[in-house]
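Participant: Here's a structure for you.
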Amino acid sequence: MQWGDVWLVTLPFGAGREQRGQRPAVVIQNDQAGLASPLVLTVLFTTQMAATRFPGAVTVAPDGRNGLAAASVAMVFQTRALDRSRFVRRIGVLSRADMARILSDLHKLTSPPTADGALG
């Protein structure tokens, strides 16, 4: 599993608004960190465009390389560490431009608020 890979993952449980079921996820953990860890840091996708109302939602279009079947939302606000046993199969790889947008939103969500209270 490498940075930018899109995998089909299975999430058998979830409470409240947590994601569950089978869905695509992109690996955001760098390759070196991934070698030593039994967990993989990911951002989950949904095809529910209503998710774009939340901060940390990045729309990604299918492009023939990423394995997405429909326009999807990378839910950066639901970044998760997943056990390797949850990964079903690799379905594609995101472009560097899409990864840059996802990582930019991750940075905004994890940075201290600005003086006016805005994200990152």
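The values are calculated or read from the model by the stated rules, or taken from the named source; none is laboratory data. The structure displayed is predicted, hence computed values, not measured ones. Glycine also receives a Cβ, built like all others from the backbone with ideal geometry; neighbour counts cover every protein chain displayed.
Participant: Please state which one of ARG65, ARG101, ARG84 is among the charged types (D, E, K, R), in contact (Cβ under 8 Å) with a residue 60 or more places away in the chain and either within 21 Å of MET1 (Cβ to Cβ) or crowded, with 19+ Cβ neighbours inside 10 Å (or both).
Facilitator: None of the other options fit; the residue is ARG84.
Participant: Okay, next question. Mind listing just one residue for me: the one in region 32-51 that is assigned to a helix (DSSP H, G or I) and surrounded by 13 or more Cβ atoms within 10 Å (Cβ to Cβ) and, of those, nearest to the chain's Cα centre (by Cα)?
Facilitator: Only one residue fits best here, namely ALA51.
Participant: What number of residues within region 52-62 satisfy the criterion of being without any contact (Cβ under 8 Å) to a residue 12 or more places away in the chain and surrounded by 12 or more Cβ atoms within 10 Å (Cβ to Cβ)?
Facilitator: Of the residues in that region, 1 qualify.
Participant: Among the residues of region 64-103, write down those that are assigned to a helix (DSSP H, G or I) and modelled with pLDDT of 95 or more.
Facilitator: The answer is ARG96, ALA97, ASP98, MET99, ALA100, ARG101, ILE102, LEU103.
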